[in-house]
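A short worksheet on the structure shown next.
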Amino acid sequence: GTPPADPTTTKPGSAASVSPTPSAESSPTPTASATPALFDFDASVAPSRPDGLSGPPSEETVGEAARYFVALFPYIFATGDLAQWESVSGSDCEWCGDIADVVRKDVAAGKRREGGRMDIQDLQVFHDRDEMYYAVVRLKEQPSRVLAADGSVVETTDFVQDAKLEVGLGWTGETWSVTSVGVDLLGTS
């Protein structure tokens, strides 16, 4: 992020300044400065399924399952592949079903999304009762855009969304299953 040095200025304490002199032989060649790509995250790469998704029940494995669930969000919107989302989402998770429906509608319309990386800032796990847990995930959702089938940009979200997810997880005896999701949007940055 620092601006390139201007060759026509003098730094404090330096003895001389340099000024470019135009010449007939060559014209100045513009140089590209390195700027971070807005959508440098490849959401089409499936997140790795963690070992903790298969238990045993503990706060640590709940945390792994919650991180994986959050990582699936940009992936399903980029690819339309709902297999892993549905394998982690419990049948009683209405929010999970609603998100899957949005993805299906996007796929039917030929849309896909780019970007939208979910950067987890904080994750806390709480044991509720029996084999029910809650993971409170504070995250920053990075910018994203929606593309039509022809590649044209339909919609752009060019800000970072701060959010808190309260993810309910239950142990099925074989794996963790998301039972509920509550979302609080905390603002933008």
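The values are calculated or read from the model by the stated rules, or taken from the named source; none is laboratory data. Not measured: the values here are computed from a predicted model. Glycine gets a Cβ as well: all are built from the backbone with ideal geometry, and neighbour counts include every protein chain shown. Surface accessibility is based on the protein's heavy atoms, side chains included, excluding ligands, DNA and RNA. Shrake-Rupley method; radii C 1.70, N 1.55, O 1.52, S 1.80 Å.
Some observations on this one:
- Of all positions in region 52-74, none carries a residue that is more than 20 Å from G168 (Cα to Cα), open to solvent by less than 90 Å² (accessible area, probe 1.4 Å), outside any strand (DSSP E or B) and without any contact (Cβ under 8 Å) to a residue 60 or more places away in the chain.
- Which numbered condition D92 fails, given (1) at pLDDT 95 or above; (2) within 17 Å of M132 (Cβ to Cβ): (1)
For (1) in a loop (DSSP other than H, G, I, E, B); (2) within 30 Å of P56 (Cα to Cα); (3) at pLDDT below 95, each residue gets a yes or a no:
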| position | (1), (2), (3) |
| --- | --- |
| R113 | no, no, yes |
| D119 | no, yes, yes |
| V125 | no, yes, no |
| A135 | no, yes, no |
| R138 | no, yes, no |
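- Residue in region 128-139 that is closer than 17 Å to P74 by Cα and not hydrophobic (A, V, I, L, M, F, W, C) present: yes
- Total residues in region 76-109 satisfying the condition of being under 17 Å from G170 (Cα atoms), in a loop (DSSP other than H, G, I, E, B) and touching a residue at least 12 places away in the same chain (Cβ under 8 Å): the figure is 3.
- Filtering G97, G115 for residues that are out of contact with any Gly (no Cβ under 7 Å at 6 or more places or on another chain) and at positive phi leaves a single hit, G115.
- Selection over region 108-135 of residues that are under 14 Å from the mean Cα position of the chain (by Cα) and open to solvent by 70 Å² or more (accessible area, probe 1.4 Å) gives a count of 3.
- Members of region 143-164 found to be assigned to a loop (DSSP other than H, G, I, E, B) and either within 19 Å of D184 (Cβ to Cβ) or open to solvent by less than 30 Å² (accessible area, probe 1.4 Å) (or both), listed by number: P143, A148, F159, V160
- When restricted to residues that are surrounded by fewer than 18 Cβ atoms within 10 Å (Cβ to Cβ) and of a type in the set (S, T, Y), region 83-103 contains 2.
- Scanning region 168-176 turns up at least one residue that is in a strand (DSSP E or B), surrounded by 15 or more Cβ atoms within 10 Å (Cβ to Cβ) and out of contact with any strand residue (DSSP E or B) (no Cβ under 6 Å at 6 or more places or on another chain).
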